[in-house]
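A quick write-up on the structure given underneath.
No value in this document is a laboratory result; all are computed from the given coordinates. This structure is a prediction, so every number in the text was calculated from the model and none was measured. Here the Cβ positions follow ideal geometry from the backbone for every residue, glycine too, while neighbour counts run over all protein chains shown.
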């Protein structure tokens with residue numbers, strides 16, 4: 001990566017001029033190498049930093065944990081997390097959030113939940129970034145009720161879930177064949193002027209169409225037009241196919257929606 005070479009060049013020039021790097025400078029270069037996936041060089045810079053008498057810190061350890069998680073090396077990230085405990089380096093919310101996101105990303109939801117519980121036990125307060133990957137992963141695995149409980153907990157703490165979290169819940173309800181609850185969730189967020197992503201509308205239309213809920217599918221379609229969202233090709237095909245195999249009245253309703261919009 002070109003910017004890595006630039007960073008190393010600037011580093012070499014700085015050292016060549018007799019300027020002594022500080023912890024911030026070392027951590028910046030370590031971060032560059034971790035993001036590039038070159039952990040051998042990152043550890044080399046890290047060891048040099050320690051050799052200069054600088055101590056391991058939450059910041060430097062978080063950089064490695066983030067780099068490991070970005071590159072799917074979650075086991076290595078957990079090892080670093082555990083080593084922080086033995087070395088007396090404190091975890092912060094970012095440490096936990098990064099690991100929770102990394103674990104969810106590779107399908108280790110139960111381990112991510114365990115990390116979340118550790119965060120709570122430590123006395124730290126979770127934030128939006130703590131909850132978001134857990135909600136997404138729960139919905140992907142069909143554990144939508146647990147995700148809804150987390151959202152309610154967030155709101156009780158005064159935290160507002162991201163749009164994508166609401167999308168995940170709606171998609172999750174469709175995944176477990178509970179589109180009526182997906183519709184109810186959609187109605188709730190629209191009342192709060194939150195607009196779902198296009199794919200969420202499409203998923204809901206597909207789910208309702210496939211389960212024979214054509215009136216509801218057409219209702220969602222009408223809402224899509226009202227908020228300026230266009231139906232995707234696959235969702236449109238699913239809806240039209242089900243309309244054609246049902247009766248003429250539904251086709252007329254579709255025509256009415258298209259004409260009025």
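Key figures for this structure:
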quantity	calculated
Sequence-separation-based contact order of the range 82-135, relative, with Cα cut under 8 Å and 6+ spacing, percent	39
Inter-probe distance in nm under a simple model that places probes 7 Å from Cα toward Cβ, at residue 105 and residue 157	2.1
Global form of the range 129-202, assessed from the alpha-carbon gyration tensor, a/c cut-off 1.5	oblate
Mean Cβ count within 10 Å, highest first, over the residues of peptides 83-91, 32-40	32-40, 83-91
Among 220-229, 132-141, the order from most to least packed when residues are scored by Cβ within 10 Å on average	132-141, 220-229
Euclidean distance between Cα centres, the range 127-145 to the range 180-197, Å	17
Label-to-label distance, nm, for residues given as residue 92 and residue 193 (7 Å Cα→Cβ offset)	3.4
Distance cut-off 29 Å, percentage of C-alpha pairs in the range 81-233 lying past it	26
Projected label distance in nm at residue 40 and residue 184, using a 7 Å step from Cα toward the beta-carbon	5.7
